[in-house]
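Below you'll find the structure, written out as structure tokens, and then a few comments.
The values are calculated or read from the model by the stated rules, or taken from the named source; none is laboratory data. These numbers were taken from a predicted model, which means no experiment stands behind them. Cβ: placed from backbone, ideal geometry, glycine included. Neighbour counts: every protein chain shown. Remember, those area values only see protein heavy atoms, side chains included, never the ligands or the DNA or RNA. Shrake-Rupley method; radii C 1.70, N 1.55, O 1.52, S 1.80 Å.
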Amino acid sequence: MATDDSVDDGVARTSYWRWSKQDFFPEESFSSWKAYTAALLQTRSRLIDRFLARSEDVDEIGELRKQSLNDMKRCLNWWDLMWFGFGSVIGAGIFVLTGQEAHNHAGPAIVLSYVVSGISAMLSVFCYTEFAVEIPVAGGSFAYLRVELGDFAAFIAAGNILLESIVGTAAVARAWTSYFTALIGRPSNSLRIHTHLKDGYNLLDPIAVAVLMIAAAIAMASTRKASIINWVASAINTAVILFVIVAGFSHAKFSNLVPFMPYGAKGVFRAAAVVYFAYGGFDSIATLAEETKNPSKDIPLGLLGSMTAITVIYCLMALSLGMLQKYTQIDPEAAYSVAFQSVGISWAKYLVAFGALKGMTTVLLVGSISQARYITHIARSHIIPPWFALVHPKTGTPINATVLITVMSCLIGFFSGLDVLASLLSISALFIFTMMAVALLVRRFYVRGITPRQNLVKLILSLSIIVVSSIGISACWALDPGKWVGYLVTIPLWLLGTAGLSVLLPQQRTPKVWGVPLVPWMPSLSIATNIFLMGSLGYEAFIRFGICTVVMIVYYVFIGLHTTYDMAHQRLAKQGLPVNERERPQGA
């Protein structure tokens, strides 16, 4: 059913299934080659315009949603969101990465790695929760960053969201195939097609493609039905996890915890940066805000409740593995299955494989739902073609966006494995969460048209000190963890920058319903921990991240910049307002 606030009745009745140039590139800059050439010649001025531009809460909540023509159906409550949290987070990460990192980097101290990652994730969860309550739209972090950091910053986040979504979904689908072969007792990779392509891309995985397509079909059919399926699957998966924890502790040997930190503290933090991937997915709950009955109550309960429980579960699972088997004997590929076999519970490996399959299935299902919501809101802004923003009038789901994310995930999942891209996933997530914490501080201490210019300068200076000092702390650790001289400069600088916000600047905005406590200290700590974990990753992750970022910027300069510029100017022209009165921050 078409929404009441569609642009007009004629548009609302337009067929959902259409495929024309106007649906993909309706902007003036793409009306002809001459118009596009003229737009390219204005690239510099348009870049400045979009860099300074800011969206408004009301535009993200109301105006942009009209691009979808139909509303999504409000059918979820906090209980649904809680289980969506379990379904989106608990999957391949805990079963695959725990053994890998315990064996290679952390030893029994892998439990500390999960504690560190859990704390960092919870700090980000607080930031997400405040934004999701204040700006309840499907765009998640993309929408929040458009409001506080501007169009360009939101685009970089959008690119990383797409990258993380596509690659992460493909990686989980590959892991699904691995655990399915273990469950049916077949040799590893026996269900994949062997080719002569480059290592890491030479095992083709048709099962991963099939699983992705099934999850997408359920997600497109109905959000409510998908929620019920997620409940059941997550409940079964939780029962398996409880068995793993109880059985693990009942056969535990404290002697296996010695030495506790065989690779030192550096190994613990290196592992923490990688297992952060296991916490990925919690941001998907924020994308369900448009389908939540009471966002101001349901989102904090669902998001904070699920992540608190998940952090405890992860730490208990990691500790049980470390006590079950000596870290040197842990199998990086099938840690829990082999560990149970070593203590005489051979049949448990099938239960573990079944639980992992269930967990990965819900991750794929919830991922398909949430990623499509991201795509929908990104398309509403015209950064990608608005055809992907359309919501189907009967299902109330964004079918076009779901198809886009599924096709791209299938292509990657068919060729490449989890080990190729796990670190890239972590660095993309950490980068977005860092930007979210910065945006939260901007939201609290800066309001356009109200905050004096001198306070804006103080805010920028304090944020710069926080970010630079956090990078310095991470660099000191990466170069030589044992040298404490660098910390005597970087840590006091971080404290100075955070204290500057707390003492020199009054908060300009008070959350209406729910807000992050201990501002600015908690968001500032989130920035520091996220950057620290990023610095703990290998240089290969930064090379891949840099290449992907360059590709994103090229796309933005030649396409995204001009589509968003045209959309913003056309909308403001209808309102009779120049752009600089509505979008540019006062004094910027």
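Quick rundown of the values:
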| read-out | value |
| --- | --- |
| Alpha-carbon centroid distance for the pair segment 433-452 / segment 485-513, whole angstrom | 13 |
| Theoretical ellipticity at 222 nm over the chain - DSSP helices of four or more residues, -39500 (n - 2.57) apiece, nearest 500 | -21500 deg cm²/dmol |
| Relative contact order of the chain, pairs being alpha-carbon contacts under 8 Å that are 6 or more residues apart, as % | 27 |
| Cα centroid of segment 256-279 to Cα centroid of segment 515-533, whole Å | 22 |
| Lys, Arg +1 and Asp, Glu -1 on Cβ, resulting dipole of the chain about Cα centre, debye, nearest 20 | 180 |
| Relative contact order %, segment 88-202, counting alpha carbon pairs below 8 Å whose residues are six or more apart | 14 |
| Separation between Cα centres of segment 348-366 and segment 126-175, rounded to whole Å | 26 |
| Out-of-range pairs (alpha-carbon distance over 20 Å; input 225/293; 266/483; 198/349) | 198/349 |
| Segment 166-300 - charge dipole about Cα centre, Lys and Arg +1 at Cβ, Asp and Glu -1, debye rounded to 20 | 260 |
| Selected from 173, 318, 107, residue furthest toward positive end of dipole (the chain; charges at beta carbon) | 107 |
| For percent of Cα pairs over 49 Å apart, calculated from these coordinates, the label among [x] 5; [y] 17; [z] 9 | [z] |
| Mean Cβ count within 10 Å, highest first, over the residues of peptides 19-31, 304-316 | 304-316, 19-31 |
| Residue 540 accessible area, assembled protein chains, probe 1.4 Å, Å² | 80 |
| Among 256, 454, 83 the positive-end extreme of the charge dipole of the chain (Cβ point charges) | 256 |
